[in-house]
1. Pop a pseudo-label 7 angstrom from the Cα along the beta-carbon direction at both Asp102 and Lys166 and give the gap in nm to one decimal.
2. Could you tell me which of the pairs Lys33/Lys219; Lys166/Lys277; Lys166/Lys218; Lys33/Lys166 are separated by over 32 angstrom between their Cα atoms in the structure shown?
3. Subtract the Cα-Cα distance of Ser31 and Arg147 from 0.36 nm times their separation in residues, and report this length gain in nm to one decimal.
4. Tell me the relative contact order for segment 3-141 as a rounded percent, counting alpha carbon contacts under 8 Å between residues six or more apart.
5. Quick one: length gained pulling Val140 to Arg22 fully straight, 0.36 nm per residue minus the C-alpha distance?
6. Please give, to one decimal in nm, the separation of the simple spin-label points placed at Thr129 and Asn224, each 7 Å out from Cα toward the Cβ.
7. Can you give the FRET efficiency to the nearest 0.05 for Val46 and Met263, using r as the Cβ-Cβ distance and R₀ = 25 Å?
8. Which of Val273, Val120, Val140 ends up with the largest GNM mean-square fluctuation for the chain, with Cα atoms connected below 10 Å?
Amino acid sequence: MADPLSISLIIASRDRCQQLSRCLQSMREISSKQPWELIIADNGSVDDTAAVVREFTASAPIPTLYVFEPKSGKANALNTALACARGQVLAFTDDDCYPAPDFVDNVWSAFDDPSVGFVVGRVMLHDPTDHPFTINESTVPITFPGRSFLTCGSAILGANMAFRRKVIFDVGGFDPLLGPGSACSNAEDLDLASRASAFGWTGQYCPDMVVSHHHGRKKADGPNLMKSYGIGIGAYHMKLLLSGHEFSWFARSICQIPRRYKMSRRMLLWEPVGGAKYAYSWLATRLRSRLPPRSF
């Protein structure tokens, strides 16, 4: 690896070149005292994503790397980016988000405490005509002590999160069985933070770390979004059960069913589907890994 930088900011994108173009323009507004790089992980796009990145890179104010990962799944794209990242801190946002100009410096400051292994930040609603999905505008800091059970609704949003390099590699990166593009459409961010917590690392919600989320969803999109979240949360809980050593966390997830029912009945009803999908994918992956290689 070349000389390390302070921060690698990673964005995964697939066939959303217009959103990505707006996101990349916001990167020009970031001002930082820290050396940092931008990595765009293209998850098999067939639109103009590559051209948009080339145009940006030609005049980018910071080192910019484009990586192409044809295997479907946001987690696969992010893991490919991780293999190339040089940052001591690895930060993530989405292709429909706009980080604040002081974003990089505030990410770096969030890790002043050496016990902090991961941080998540504030996600603002960019367009007031959008429905307030997938945002967290709270200005109150939160600490997640090491070995805490992290739940849905616990401020963990992949649109604004960062990890120490050591932490993310020690826990094995993102789970390809979770997240957009997989059978279990969400929760890859919550799962990663949960594994960092299981390793004993402290987490923080830092409201000074700000991105604006330009997601474009309206109220009518709510049912499908809750379905997607329910599948992801069910998969996350099933993983806790299958991991064995986190069985107590799975038991706690069962105890929290009434709370999740109040959050969204539809989301809760889709959780068993997500659990079944993850269990099937998990079992199929392990069976394939034990089969001898085919000869032709």
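Each value in this text was obtained by applying a stated rule to the coordinates, not by laboratory testing. If you're wondering where the values come from, they're calculated on a predicted model, not measured in any experiment. Backbone-built Cβ (ideal geometry, glycine too); neighbour counts: all protein chains shown.
1. A separation of 2.9 nm, rounded to one decimal place.
2. Among Lys33/Lys219; Lys166/Lys277; Lys166/Lys218; Lys33/Lys166, the Cα-Cα distance tops 32 Å for Lys33/Lys219; Lys166/Lys218.
3. Result for the pair: 38.3 nm of gain on full extension.
4. Here the relative contact order equals 32 percent.
5. Working: separation 118, 0.36 × 118 = 42.48 nm, distance 2.89 nm.
Gain on extension, Val140 to Arg22, equals 39.6 nm.
6. Taking the two extended label points, one gets 1.9 nm.
7. Details: r = 36 Å, r/R0 = 1.45.
According to the calculation, E is roughly 0.10.
8. Val140
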